[in-house]
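J.: Dumping the structure here so I can ask a few things about it.
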Amino acid sequence: MSRTLAVLLVLTLLVTAAQAANLPDPLVMLDGARVTTKEQWVEKRRPELKELFQYYMYGYLPPAPDNVRGAVEREDAKAFDGKATLREVAVSFGPPDTPKIHLLLVMPNGRKGPAPVFVGMNFHGNHALLKDPMIRLPTVWVPNTKDNRARDEDRGTEVDVWALEQSIDRGYAVATFYCGDVDPDRADVREGVQPHLRKPDAVPGPHDCATVAAWAWGLSRAVDYLRTDKDIDKNKIAVVGHSRLGKAAVVAGAFDERIALVIPLQAGCGGTSPSRGTVGESVKAINDHFPHWFDATFKDFNDQPDKLPFDQNCLAALVAPRPLLYCCAVEDKWANPEGQFEMLKSADSVYRLLGAGGLETKQMPEVGQLSDGTLGYYIRPGKHSMTKGDWKV
């Protein structure tokens, strides 16, 4: 290692250590009282943190509907040369005209019982995950396409991103849906579910549900359906997501205790890296570029994130005692890989309090080395992306 690189590494570690020292303690209540028992965490601190995150950052998640229904619209029992069954399921909920979630569910055929399942959102539509001419095209706004509409020529363009056949071969089911079914990723939310879950013509208030929270809420609606499917092991549902959809994945895992395993990949600022961080994306930058992701109140902290009564270590702690894995990439400095590791370190105390183990390393693991423990960390070579290699991890 060159002298210059060594100096940069030391400086980075010193900055990271200083940030960690200024983090709010997840085991200290807003009034300064320290949490010392599991009961205090469950009955006092956990509800307090959920309230704070909704009030100051994500907006309040809508109540869970009591009318979630799933209708199988298509089934192919011979997908992947007979190795899997593919289903397209329309999941409905809420008022009658609420947009549906169109779930693509792929299950291994050679299993002995209900399958564990990964559930997550995709960026451009289910049709992009397989070169299957029958998979439904989204009818809502889609980014990075001509006229912002899904096209047949986009089928199969993200085969390697989701690596469905690889997961099938390993015995896992995968359930995914286009994030735009719940909330197209733009300030105009007319095509999403949000307007249908508010009073007619109501203008969003400063603490109302924003896009990341809406996506997380949508993931929970997919979980509602999956728990009714006899082919799915309802006790082994893992939520996964990359980048902005990784933010939604960790919020869903923090708020929905039915999710057994949480895996956000490179979720960065507003998800898995610290708001107080000085590396990569800042609170101001993310709010300026994506004002619809978070509630209006979060903008008040653009220039003073240290005033927030929490940081993303507290969001990681809300997942406890369930397993949580952060996946990063060496070249993805915008997502602050070192800061993400510090968030897990700071959440470790909550996991230990609950008797769930925790992060079994004090130092970031070597590149390509998955850490041990209920809190896991993995960093690989490469850039901001989701790959077949990530799915193996």
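The values are calculated or read from the model by the stated rules, or taken from the named source; none is laboratory data. Since we're looking at a predicted model, the values are computed, not measured. Don't worry about glycine lacking a Cβ; one is built from the backbone with ideal geometry, like all the others, and counts go over all protein chains shown. Quick note on the areas: whole protein, heavy atoms, side chains included, nothing else; ligands and nucleic acids left out. Shrake-Rupley method; radii C 1.70, N 1.55, O 1.52, S 1.80 Å.
J.: In the range 64-109, how many residues are of a type in the set (G, A, S) and either open to solvent by less than 30 Å² (accessible area, probe 1.4 Å) or touching a Gly at 6+ places or on another chain (Cβ under 7 Å) (or both)? Break it down into steps so the answer makes sense when it comes.
T.: From the range 64-109, those of a type in the set (G, A, S) are 64, 70-71, 77, 79, 82, 84, 90, 92, 94; that's our starting set.
Still in the running and either open to solvent by less than 30 Å² (accessible area, probe 1.4 Å) or touching a Gly at 6+ places or on another chain (Cβ under 7 Å) (or both): 79, 84, 90, 94.
The total comes to 4.
J.: Right, something else. Any residue in the range 44-62 that is within 23 Å of P95 (Cβ to Cβ) and among the charged types (D, E, K, R) sitting within a Cβ distance under 6 Å of a residue that is open to solvent by less than 20 Å² (accessible area, probe 1.4 Å) and in a helix (DSSP H, G or I)? List the pairs, counting only those 6 or more apart or interchain.
T.: none
J.: Considering the range 124-138 alone, what residues qualify as being crowded, with 20+ Cβ neighbours inside 10 Å and out of contact with any His (no Cβ under 7 Å at 6 or more places or on another chain)? So that I can check it myself, show each step before the final result.
T.: Start the filter on the range 124-138 by keeping residues that are crowded, with 20+ Cβ neighbours inside 10 Å, which leaves 124-130, 135, 138.
If the condition is that a residue be crowded, with 20+ Cβ neighbours inside 10 Å and out of contact with any His (no Cβ under 7 Å at 6 or more places or on another chain), then H124, G125, H127, A128, L129, L130, P138 are the ones that fit.
J.: Here are the criteria: (1) modelled with pLDDT of 95 or more; (2) surrounded by 13 or more Cβ atoms within 10 Å (Cβ to Cβ); (3) on the phi < 0 side of the Ramachandran plot. Tell me which single one T145 does not satisfy.
T.: Exception for T145: condition (1).
J.: Would it be correct to say that W215 is open to solvent by less than 50 Å² (accessible area, probe 1.4 Å), touching a Leu at 6+ places or on another chain (Cβ under 6 Å) and not aliphatic (A, V, I, L, M)?
T.: Numbers: open to solvent by less than 50 Å² (accessible area, probe 1.4 Å): yes; touching a Leu at 6+ places or on another chain (Cβ under 6 Å): no; not aliphatic (A, V, I, L, M): yes.
Against the criterion (open to solvent by less than 50 Å² (accessible area, probe 1.4 Å), touching a Leu at 6+ places or on another chain (Cβ under 6 Å) and not aliphatic (A, V, I, L, M)), W215 does not qualify.
J.: Name the single residue that is farthest from E43 (Cα to Cα) among those in the range 15-31 being in a loop (DSSP other than H, G, I, E, B) and either at pLDDT 95 or above or in contact with a helix residue (DSSP H, G or I) (Cβ under 6 Å, 6 or more places away or on another chain) (or both). Please lay out each step first, then the result.
T.: The initial filter retains those residues of the range 15-31 that are in a loop (DSSP other than H, G, I, E, B), namely 22-27, 29-31.
Remaining after also requiring either at pLDDT 95 or above or in contact with a helix residue (DSSP H, G or I) (Cβ under 6 Å, 6 or more places away or on another chain) (or both): 23-27, 29-31.
Working: L23: 23, P24: 19, D25: 17, P26: 14, L27: 13, M29: 12, L30: 14, D31: 15 Å.
Top of the filtered list is L23.
J.: Here's something else I'd like to know. Would you mind telling me which numbered condition in (1) outside any strand (DSSP E or B); (2) charged (D, E, K, R); (3) over 30 Å from W293 (Cα atoms) D76 fails?
T.: Checking D76 against (1) outside any strand (DSSP E or B); (2) charged (D, E, K, R); (3) over 30 Å from W293 (Cα atoms), the one that fails is (1).
To keep it simple, each residue is scored yes or no on (1) free of Cβ contacts under 8 Å to residues at least 40 places away in the same chain; (2) open to solvent by less than 10 Å² (accessible area, probe 1.4 Å); (3) among the aromatic types (F, W, Y).
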position: G171; (1), (2), (3): no, no, no
position: V182; (1), (2), (3): no, yes, no
position: R186; (1), (2), (3): no, no, no
position: P204; (1), (2), (3): no, no, no
position: D231; (1), (2), (3): no, no, no
position: N235; (1), (2), (3): yes, no, no
position: G246; (1), (2), (3): yes, yes, no
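J.: Right, next: Being assigned to a helix (DSSP H, G or I) and open to solvent by 50 Å² or more (accessible area, probe 1.4 Å) is the filter here; which residues of the range 33-63 pass it? Write out each step before concluding.
T.: Of the residues in the range 33-63, the ones assigned to a helix (DSSP H, G or I) are 38-58.
Correct list: K38, E39, Q40, V42, E43, K44, P47, K50, E51, Y55, Y56.
J.: Condition first: without any contact (Cβ under 8 Å) to a residue 60 or more places away in the chain, under 21 Å from A254 (Cα atoms) and surrounded by fewer than 22 Cβ atoms within 10 Å (Cβ to Cβ). Can you find one or more residues in the range 332-348 that meet it?
T.: No, the range 332-348 has no match at all.
J.: Next up: What about P116, is it touching a residue at least 40 places away in the same chain (Cβ under 8 Å) and either part of a strand (DSSP E or B) or within 19 Å of R221 (Cβ to Cβ) (or both)? Before the answer, list the steps.
T.: Working: touching a residue at least 40 places away in the same chain (Cβ under 8 Å): yes; either part of a strand (DSSP E or B) or within 19 Å of R221 (Cβ to Cβ) (or both): yes.
When the stated conditions are applied, P116 passes them.
J.: Can we say G271 is of a type in the set (G, A, S) and either surrounded by fewer than 19 Cβ atoms within 10 Å (Cβ to Cβ) or assigned to a helix (DSSP H, G or I) (or both)?
T.: On the way: of a type in the set (G, A, S): yes; either surrounded by fewer than 19 Cβ atoms within 10 Å (Cβ to Cβ) or assigned to a helix (DSSP H, G or I) (or both): no.
For G271, the condition - of a type in the set (G, A, S) and either surrounded by fewer than 19 Cβ atoms within 10 Å (Cβ to Cβ) or assigned to a helix (DSSP H, G or I) (or both) - is not met.
J.: Name the one entry in E165, E158 that is open to solvent by 40 Å² or more (accessible area, probe 1.4 Å), among the acidic types (D, E) and either modelled with pLDDT of 95 or more or closer than 18 Å to W215 by Cα (or both). It would help to see each step written out before you state the result.
T.: Working: E158 fails: open to solvent by 40 Å² or more (accessible area, probe 1.4 Å).
After ruling out the rest, the residue left standing is E165.
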